[in-house]
Amino acid sequence: MAVTETISAVTEKIAQRSKAARRRYLDKIDAAIATAPKRKSLGCANIAHGFAACGAHDKDALRNGNAPNLAIVTAYNDMLSAHQPFETYPETIRAAARAAGGTAQVAGGVPALCDGVTQGETGMVLSLLSRDVIALSTAVALSHQMFDAAVYLGVCDKIVPGLIIGALSFGHLPAVFIPAGPMTSGLGNDEKAKIRQLYAEGKIGRAELLDAEARSYHGPGTCTFYGTANSNQMLMEIMGLHLPGSTFVNPGTPLREAITRESAKRALAITALGNDYRPIGRIYDEKAVVNGVVGLLATGGSTNHTMHLIAMAAAAGIALTWQDLAELSKAVPLLTRIYPNGKADVNHFNAAGGMGFLIRELLGAGLLHEDVSTIMGAGLSGYTKEARLGEAGELQFADATHASHDESVLRGCARPFQPTGGLNVLTGNLGLAVIKSSSIPADRHVIEAPAKVFHSQEELQAAFKAGALNQDVVAVVRFQGPKANGMPELHRLTPPLAVLQDKGFRVALVTDGRMSGASGKVPAAIHVTPEAAEGGPIAKIRDGDMIRLDAGQGTLNVLADLSTRAPVKADLAANHSGTGRELFEAFRKIASGADRGASIFEVV
């Protein structure tokens, strides 16, 4: 299947830009490949340590046999609803591995920080930086060199990108990502948003707010809105690292357990010991990266992935830029309306046709590369499928629907919700920024208003409560970038700004920080780079400066002469200690800008 001219041209630009780095990366993979398990060359004491705690069957297999051994890298903890189901996965995976003639061991765990729990608290400062800790932890888990492939148990915001970066550092190993699925639908997202806004207006109390939140986040699985966690899962499937149709199956169901068993078997089937070797470093190529970007744009996914996709690609020697995202956004239609871009949740999306329908539509329109390698084999056409249970409880794949079951949630390319993608890159005299345009009302895509400048979200909330923001306003919240304080999400700004917008004021946010993957209906120019802590132009804005944001044209400008102004400096000491923040000082110092992945690792 031929891709469109834009998809082809952007992919070729990425490939040419990445040529030298990608070659070095592939050479590293080739050097690491061995025709026999690496553990066979370990010293006797080394390998004895590696199987000392195994049962008799697994110990014998690891000691004497050539059967493949599977690493389990898990982000399990039972505080996060999305990761709690992983508690039982290792035993399921070990049993499936034995049935397939192999073995499996938990190689290591990685941290999993929940943005929902830390939102607006000091722990959120560690959130983005935790992605790179997860990558490092993954490398530690795999460093024992006991393994022929790996399965990765992770779902949420920074966890999957961190696991990908770590997995790509062991790019010669096949990798299968196993999701846990979304929780069943609770309180509707639209109702939840209304209650949050009523609380921001002081019309209801904390008890009513907590009751609504508890009815929304009520059981095991991911939050059901389309934020970073569910954007992660979409990416893993459209990039060919999940089993087809496995992404949005609820936890605790027979189908979910069958997917877990089959995922383990698939990982063992694609090692270098067999005839269908599929290392992640070769699956994760330029075409797969472009497919991921297209999926993000077509679904109006999380703005956090404007950083994560760049950092993930860099780990494979691929240089992705915001300009690439901007060019692709102009060519990719928006095909979904999932909260915060609509009222539906991911369970409704899955019921309407889900990933199989979405991939078929994008392939048919020439917007995805079909000629890619996946964990299932050659070609993305194998992902136009739904996962189902056979009569004996075995996993089967059936053709996905050819028509959406609910066009208020999911549409085909012939009748999209809008002709361009849900994310835009902004340029102008403030540098670069990102905006999630898919959830913004059409009459709010252009905002021109005077600036009100704040150095924390608490300052803005205080001004709102004091009535000082009852006007047309562009709220500028700066010193929130990677170097300033680790770039926390500023999701608590959404309710007060939404209140102002609903009062009829022209309102926007400009910040070098992040918003949630569930960025809402208020225009928000986020990830502004260079950040204020580096003396970027955002540090020169003063109260009253007119700022013009045009999401359609992709521009962000201060209508003032900044050339004669010195950047404001801020005392950031209070951001750097407590809640473990002092341990991340080195990370903040070396983190790259948001447009380069906000990463501590080398950026291509």
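Take each peptide in 259-267, 50-58, count the other Cβ atoms within 10 Å of every residue, and average; sorted highest first, the result is 259-267, 50-58.
When you have a sec, figure out the Kirkwood radius of the chain from all distinct Cα pair distances and drop it here in Å to one decimal?
Result for the chain stands at 24.5 Å.
For region 524-604, trypsin sites (Lys or Arg not before Pro) are listed when DSSP marks them as loop and at most 12 other Cβ atoms sit within 10 Å of their Cβ; the list is Lys569.
Assuming a ≥ b ≥ c are the square roots of the Cα gyration tensor eigenvalues, decide whether region 338-483 counts as rounded (a/c under 1.5), prolate (otherwise, with a/b larger than b/c) or oblate. It comes out prolate by the Cα gyration axes. For the pair Arg542 and Lys194, label points projected 7 Å from Cα toward Cβ lie 4.5 nm apart. Using the alpha-carbon atoms, what tilt in degrees (0 to 90, nearest 10) does helix 159-169 show relative to the longest principal axis of the chain? With rounding to tens, the tilt is 50 degrees. Going down the list Lys436/Lys465; Lys287/Lys436; Lys19/Lys540; Lys38/Lys385, which pairs span over 28 Å between their C-alpha atoms? Pairs exceeding 28 Å: Lys19/Lys540; Lys38/Lys385. Based on Cα atoms of region 116-193, Rg over Rh with Rh as the Kirkwood radius reads 1.09. In the chain, the calculated helix contribution to ellipticity at 222 nm averages -11000 deg cm²/dmol per residue, counting -39,500 (n - 2.57) for every DSSP H run with n ≥ 4.
How far is helix 305-315 tilted off the main Cα axis of the chain, in degrees rounded to 10, range 0 to 90? So the inclination is approximately 40 degrees.
Here each label is just a point 7 Å from Cα along the line to Cβ, and for Glu459 and Gln323 those points are 3.4 nm apart.
The antiparallel fraction among DSSP beta bridges confined to the chain stands at about 45%. Counting pairs of Cα atoms in region 223-344, how many percent are more than 25 Å apart? Summing the P(r) tail past 25 Å for region 223-344 gives 32 percent. Approximating the spin labels as points 7 Å out from Cα along Cα→Cβ, the Ala207-to-Ala466 distance works out to 3.2 nm.
Beyond 25 Å, what share of the Cα-Cα pairs of region 423-596 is found? Please give it as a whole percent. Tail of P(r) above 25 Å: 26 percent of Cα pairs. Among the listed pairs Lys192/Lys521; Lys194/Lys521; Lys343/Lys503; Lys194/Lys343; Lys28/Lys265; Lys569/Lys589, a Cα-Cα separation exceeding 18 Å is found for Lys343/Lys503; Lys28/Lys265. Scoring 34-40, 438-444 by mean Cβ neighbours within 10 Å over their residues and listing the highest first yields 438-444, 34-40. Packing, taken as the mean count of other beta carbons within 10 Å per residue, orders the peptides 507-513, 376-382 from highest to lowest as 507-513, 376-382. The relative contact order of the chain comes to 15 percent, based on Cα pairs under 8 Å that sit 6 or more residues apart. Taking the three principal axes of the alpha carbon atoms in region 1-126, the coordinate ranges are 56, 45, 31 Å, sorted in descending order.
For the pair Asn429 and Ala139, what calculated FRET efficiency results from E = 1/(1 + (r/R0)^6), where r is the Cβ-Cβ distance and R0 = 45 Å, to the nearest 0.05?
With R0 = 45 Å, the Cβ-Cβ based efficiency is 0.65.
For region 81-108, backbone nitrogen atoms closer than 11 Å to the point 7 Å from His57 Cα along Cα-to-C-beta are found at 94-104. Computed over region 138-234, the range of Cα coordinates on each principal axis works out to 58, 22, 19 Å, biggest value leading. Of all DSSP-defined beta bridges confined to region 423-596, some 55% are antiparallel rather than parallel.
Once the chain from Ala214 to Glu121 is taken as fully extended at 0.36 nm per residue, the excess over their C-alpha distance is 31.6 nm. On the beta carbon distance between Asn46 and Asp371, with R0 = 41 Å, the FRET formula returns roughly 0.50. Rounded to the nearest 10 degrees, the angle from helix 286-299 to the longest Cα principal axis of the chain is 50 degrees. Quick one: go through region 307-347 and flag any residue whose amide nitrogen is under 16 Å from the point 7 Å out along the Cα-to-Cβ line of Lys13. It comes to 310, 319-332, nothing else.
Only the coordinates and a few stated rules stand behind these numbers; no lab work does. Please read these numbers as outputs of a predicted model, since none were measured by experiment. Cβ: placed from backbone, ideal geometry, glycine included. Neighbour counts: every protein chain shown.
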